[in-house]
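The values are calculated or read from the model by the stated rules, or taken from the named source; none is laboratory data. The shown structure was predicted, so the numbers you read here are calculated from the model rather than taken from an experiment. Heads up, the Cβs are rebuilt from the backbone with ideal geometry, glycines too, and the neighbour counts pull from every protein chain shown.
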Amino acid sequence: MIIRILLYLWLVLLMQNPVKASNELSGQPLKVGFLMGGPVTDFGWNQSHNDGRIYLEKHMAGKVKTTFAESVPESSEAGRVMERMIAQGAKVIFATSYGYLDSMLKVAARHPDVVFMQINRYSEQKRANIGVYFPYYFEPLYSAGIVAARVTKTHKLGFIVGHVVPNVLAGVNAFTLGARSVNPGVKVNLVCTNSWNDPATEAEATKALVESGADVITSILDSSLTVCNAAAKLSTYCIGAAYDLNKQVPKTWLTGQSWNYGPLYVRVVEQVINGSWKPVTQYYTAKEGYAQLASFGSTVPQAVRGEAALAFKKITTSKVAVFAGPIKDSSGKLRIPAGKTADNHCIEQMNWVVSGVEGALTK
Amino acid sequence: MVSGHWQKLRRAALYTLGSLTAVLIAFLITAVFLLLVGRNPIEVYIGIYQGAFGDSFSFSETLVAATPIMLCGLGVAIAQWLGMMNVGVEGQLYLGAIGATYVALNCHFTHSWQLLPLMLVGAAICGGFWSFIPAILRVTIGVSEVITTLLMNYIALLLVEFLIHGPWEDPNNVSWPQTAAFPAIAELPHLFATRVHLGIVFGIGIALLFAFLLPTTKIGFISRVIGSNPDAAEYAHYKVKRYQVWAMIISGAVAALAGFSQVSAIEGRLRSGLSPGYGYTGFLACWLARHNPIAIVIVSILIGGLLSGADSLQLSAKLPFATVNILQGMIFFCLLATEQYINKLTSKSNIESNTESPKVLRSEA
């Protein structure tokens, strides 16, 4: 009997938390929580999201309060962190890593009053309170590919990725297409480390790629810093994704892609506040200005800078599409026919690499 | 015998005191770090406490985190009772997860009560097999089980990576490191509408079982003799090696239950990063509890609280995630230090009690 009473008490206590939170909301700033997959000081993906979070809090001071958790594993632990944020009153949750969706689907079902935003992940299962944001980053990498192809002497480019998920492959493919648009003989050697953040393997892979003849190393990881540092030690050029590392590796940095997430987060949170937010998948192309072409390293010739910048401008003004047919994959199969361009559905489920990419794609 | 009892009690008291001192010192040293970065350590510790035990949700999450630690800790203890040091519980956890996953994805049943026991058996067999290898290497050709169990953790991890990137890849989400989701019937029942699951019942049940069996049965007695003095046990014609191998197998099987309950109740699929070092934390729990099964249950819940309360460090105190790693490492470090100190203190009484066992044995043989 006592146990049963305790059980009821437990359940009642459980029920109380969310109710209290929503009562407190009226007139108070909107609480927004961010889940980061790695440390927010990583000179990469997580830091750029954190910069965006800080921008959001500054830009909407008084209206929004933010909280964040870093190094949240992409497992059920993410669910616990979301629950805690919600218990502390968070009404919007941004999950900034690919693997949080499973946990989010479970937590979102329990909290219909909270808005959830998952990054870069196509989801079969739809929920009324889950939105997906796809800020594309392949377009700047197309221009970076042009720079790589112009400076390479060996015509071999190295590319290190964490996981071969669709948006990463879109980046690899755009880079390769860019490179081959100015130098059709270029080959891209792809290596996968099976982790967004594994510095030891990343340094090892960099060394192996340089030894195999690659003279420009590009990477899509949580942070390109390890790869860029390892490449710099071997006097090899690097191209990064997520963060501008020109100051960190001044001698060997070529260019890359960097983020400006702040305005994107302001945009979504404003939608939530004025009630126009919808549980849809939203694609943001480079036109929106969230994914940018990073600064050029001091060794990049002026002519090449102009060429790459012009290509990027053509893309952002919709004059040119990155994935414009005919595009064949690495096995020779025609993926995008002549006269057609890849649509969002094709990009969000891209599981093939274009011809010119060699190596680690296990499939 | 009266003096023997007295010695035992004294040692138990010393070890308990030692564990508590170790934890206290660790908290004090961490407090210095917190002061250095300008945080009030008392507020931070209260924050951890509230994040761990402050409300029903926090406490339920503490129990969720404590479950795999408890099972792994018990696994370590079972081997330790017979003088085998099993550092490989992390790997055995993963093997358990593999065994349970194989059953969940390949055996087609209509009811949970058909599938779940089979998953449990699959996990136990795989985990037991994984600890059998170092055990047999130790008793036949004398390879240190400390090294082999530790190294086999890495093999287990790579085996999981191979499976989720290769033959067991999720067909709906190619290239993301996980298997397909389990059917709904493969989910271990949860308790009180929280994420707490039957795994904790296994943990407490196993702890109680061993707490009862060890002092009361003949096997328990022989185990204790082997653990305290294997040479004497050999002299008494006990089958020391056989006992030790079985202890390792059971140890691995218990640790495998942690993997089984994680994939079944929590993740619902096999994926990399299944365990953020539960095996190693379980090892810490076992040593903090000085291999006492009931103490392991309590210590696991406290450590589980530390892990799940760590969220509040980030969310409220705005401290980096690494803070809790520092605290945990500090506890381990201080524990080893006090261990040495206590060993020095009790070395005299140890010799006394070791000479005690053969006497008893001779009279029995």
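Of note:
- Any hit, the range B:243-254, residues being outside any helix (DSSP H, G or I), in the same structural domain as B:Gln178 (by TED's automatic domain parsing) and either touching a residue at least 12 places away in the same chain (Cβ under 8 Å) or crowded, with 18+ Cβ neighbours inside 10 Å (or both): no
- Looking only at residues of the range B:121-150 that are of a type in the set (A, V, I, L, M, F, W, C) and free of Cβ contacts under 8 Å to residues at least 40 places away in the same chain, we find that the one that is farthest from B:Lys241 (Cα to Cα) is B:Val121.
- Consider the range A:118-129 and keep the residues that are free of Cβ contacts under 8 Å to residues at least 40 places away in the same chain and away from every other protein chain (no Cβ under 13 Å). The one that is nearest to the chain's Cα centre (by Cα) is A:Ile119.
- B:Ser275 fulfils the conditions (1) in contact with a Lys or Arg (Cβ under 6 Å, 6 or more places away or on another chain); (2) closer than 26 Å to B:Ala156 by Cα except for a single criterion, (1).
- Count of the range A:234-248 residues which are within 23 Å of A:Glu307 (Cβ to Cβ) and touching a residue at least 24 places away in the same chain (Cβ under 8 Å): 8
- The range A:78-103, subset part of a helix (DSSP H, G or I) and basic (Lys, Arg), residue surrounded by the fewest Cβ atoms within 10 Å (Cβ to Cβ): A:Arg84
- Within the range A:260-277, if we keep just the residues that are in contact with a strand residue (DSSP E or B) (Cβ under 7 Å, 6 or more places away or on another chain) and surrounded by fewer than 17 Cβ atoms within 10 Å (Cβ to Cβ), the residue that is nearest to A:Gly62 (Cα to Cα) turns out to be A:Ile273.
- For the range B:4-22, the count of residues that are out of contact with any Ser or Thr (no Cβ under 6 Å at 6 or more places or on another chain), buried (at least 23 other Cβ atoms within 10 Å of the Cβ), touching a residue at least 12 places away in the same chain (Cβ under 8 Å) and hydrophobic (A, V, I, L, M, F, W, C) is zero.
- Applying the criterion of being part of a helix (DSSP H, G or I) and of a type in the set (Gly, Ala, Ser) to the residues of the range A:295-314, the residue that is farthest from the chain's Cα centre (by Cα) is A:Ala303.
- Condition met for A:Val280 (over 26 Å from A:Lys58 (Cβ atoms), hydrophobic (A, V, I, L, M, F, W, C) and either in contact (Cβ under 8 Å) with a residue 12 or more places away in the chain or assigned by TED's automatic domain parsing to the domain that holds A:Gly162 (or both)): yes
- Candidate set: the range A:36-63, residues that are hydroxyl-bearing (Ser, Thr, Tyr) and closer than 22 Å to A:Ser219 by Cα; chosen: the one surrounded by the most Cβ atoms within 10 Å (Cβ to Cβ): A:Ser48
- Being of a type in the set (A, V, I, L, M, F, W, C), at pLDDT 85 or above and outside the structural domain of B:Phe332 (by TED's automatic domain parsing) holds for only one residue in B:Ile25, B:Ile48, and it is B:Ile48.
- Condition met for A:Thr299 (surrounded by fewer than 18 Cβ atoms within 10 Å (Cβ to Cβ) and among the polar types (S, T, N, Q)): yes
- The residue that is nearest to the chain's Cα centre (by Cα), counting only those in the range B:11-63 that are aromatic (Phe, Trp, Tyr) and either more than 20 Å from B:Ala295 (Cβ to Cβ) or within 14 Å of chain A (Cβ to nearest Cβ) (or both), is B:Phe59.
- In the set (1) in a strand (DSSP E or B); (2) surrounded by fewer than 24 Cβ atoms within 10 Å (Cβ to Cβ); (3) among the hydroxyl-bearing types (Ser, Thr, Tyr), the condition left unmet by A:Ser219 is number (2).
- Failed item in (1) within 24 Å of A:Tyr122 (Cα to Cα); (2) buried (at least 18 other Cβ atoms within 10 Å of the Cβ); (3) at pLDDT 90 or above, with A:Met350 passing the rest: (3)
- Test for B:Glu169: is it more than 22 Å from the chain's Cα centre (by Cα), facing chain A (nearest Cβ under 10 Å) and in contact (Cβ under 8 Å) with a residue 40 or more places away in the chain: no
- Those residues of the range B:172-212 which are within 14 Å of another protein chain (Cβ to nearest Cβ), of a type outside the set (Gly, Ala, Ser) and touching a residue at least 60 places away in the same chain (Cβ under 8 Å), in sequence order: B:Pro177, B:Gln178, B:Thr179, B:Phe182, B:Glu187, B:Leu188, B:His190, B:Phe192, B:Thr194, B:Arg195, B:Val196, B:His197
- Looking across the range A:353-363 at every residue that is assigned to a loop (DSSP other than H, G, I, E, B) and at pLDDT 85 or above, the one that is nearest to the other protein chains (Cβ to nearest Cβ) is identified as A:Val353.
- Of the listed requirements (1) outside the structural domain of B:Phe333 (by TED's automatic domain parsing); (2) part of a helix (DSSP H, G or I), B:Gly83 misses just one: (2).
- Test: A:Ser75 is in contact (Cβ under 8 Å) with a residue 12 or more places away in the chain, closer than 20 Å to B:Gly51 by Cβ and part of a loop (DSSP other than H, G, I, E, B): yes
- Within the range A:152-173, restricting attention to residues that are assigned to a strand (DSSP E or B) and among the hydrophobic types (A, V, I, L, M, F, W, C), the residue that is nearest to the chain's Cα centre (by Cα) is A:Val161.
- When A:Val132, A:Val81, A:Val115 are checked against the criterion of being within 21 Å of the chain's Cα centre (by Cα) and within 19 Å of A:Trp259 (Cβ to Cβ), a single residue qualifies: A:Val132.
- With respect to being within 16 Å of the chain's Cα centre (by Cα) and either part of a loop (DSSP other than H, G, I, E, B) or farther than 24 Å from A:Gly99 by Cβ (or both), A:Ser276 falls outside the description.
- Selected residue (criterion: nearest to the other protein chains (Cβ to nearest Cβ)) from residues of the range A:73-99 that are within 21 Å of A:Gly44 (Cβ to Cβ) and modelled with pLDDT of 90 or more: A:Val81
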